[in-house]
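The values are calculated or read from the model by the stated rules, or taken from the named source; none is laboratory data. Since the model is a prediction, treat every value here as computed from it, not as a measurement. A quick note on method: Cβ atoms are made from the backbone with ideal geometry, for glycine too, and the neighbour counts reach across all protein chains shown. All accessible areas refer to the heavy atoms of the entire protein, side chains included, with ligands and DNA or RNA removed. Shrake-Rupley method; radii C 1.70, N 1.55, O 1.52, S 1.80 Å.
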Amino acid sequence: MQITVTDFYSNANVADCPKENRPEYAFIGRSNVGKSSLINMILNRRIAYTSSKPGKTTLINHILINNNWSLVDLPGYGYAKLSKLKRSEILKMTQDYFTQRGNRLASVFLLIDIRIPPQKIDLEWMEWLVQNKIYFIRVFTKSDKMKKGQIRNVIDKYDHYMKTNHWEKVPESIVTSSVKGFGKDEILNKIIKINELF
Ligand code: GTP
Ligand code: MG
């Protein structure tokens, strides 16, 4: 697919986000998990702000592609060093985003650092998405230093962990590395398929 970035919008309020009825794909996950880096890797451009320090993305960023669909870069969750007030503002902004975009929200990519064991906060977010009837796919990040067998092992363990924590059906997963460019086609193919249904 030819990918052209046709516009970029940053908003602190969901009410100000683009009103057009175009499908959008949101990237969520713990602060520093690699959301902005993954978006840049997919687009082959440094358009989303990235940083080695957590808390870089603070707004709702719509990156419009081919005048037709958007990738949405969101602030991360779980960054302990932010003030309580700032954290609750960001949480409200993100949850409002998820509940108020309606049918435009075609899918959520929930990013998980493949190098660390399952985190409670990620599971809580997955449960929240399910409760709000929002479709999501797990995207494992930072797989660059791992061998295929190791990756399989971690995902099997993660699936098992979810099954033992009341998840009857484990959500789909895609493995990525923004450093090595892994997972780009899987994510784009997913988007193309969902765009066709929109
Ligand atoms: P916030 O906006 O703060 O929520 O963070 P984010 O999830 O957007 O993370 P960001 O893309 O800014 O990346 C955070 C750090 O992880 C940066 O230092 C990146 O270089 C690093 N990083 C991102 N993706 C990868 C990856 O695939 N592999 C490795 N090894 N590092 C990565
Ligand atoms: Mg970011």
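Observations on the structure shown:
- Test: residue in segment 67-83 that is in contact (Cβ under 8 Å) with a residue 60 or more places away in the chain, over 23 Å from M162 (Cα atoms) and assigned to a loop (DSSP other than H, G, I, E, B): yes
- Only a single criterion out of (1) more than 16 Å from ligand 2 (Cβ to nearest atom); (2) open to solvent by 10 Å² or more (accessible area, probe 1.4 Å); (3) closer than 19 Å to V139 by Cβ is not satisfied by G76, namely (1).
- Flag for I134 being assigned to a loop (DSSP other than H, G, I, E, B) and either surrounded by fewer than 13 Cβ atoms within 10 Å (Cβ to Cβ) or over 17 Å from the mean Cα position of the chain (by Cα) (or both): no
- Residues within segment 1-38 that are closer than 17 Å to I192 by Cα and either among the polar types (S, T, N, Q) or surrounded by fewer than 20 Cβ atoms within 10 Å (Cβ to Cβ) (or both), tallied: 8
- Within segment 14-57, being near ligand 1 (Cβ under 8 Å from one of its atoms), of a type in the set (K, R) and assigned to a loop (DSSP other than H, G, I, E, B) holds for K53, K56.
- In segment 141-198, residue least open to solvent (accessible area, probe 1.4 Å) [restricted to those that are on the phi > 0 side of the Ramachandran plot and at pLDDT 95 or above]: G183
- Verdict on L71 being within 16 Å of ligand 2 (Cβ to nearest atom) and at pLDDT 95 or above: yes
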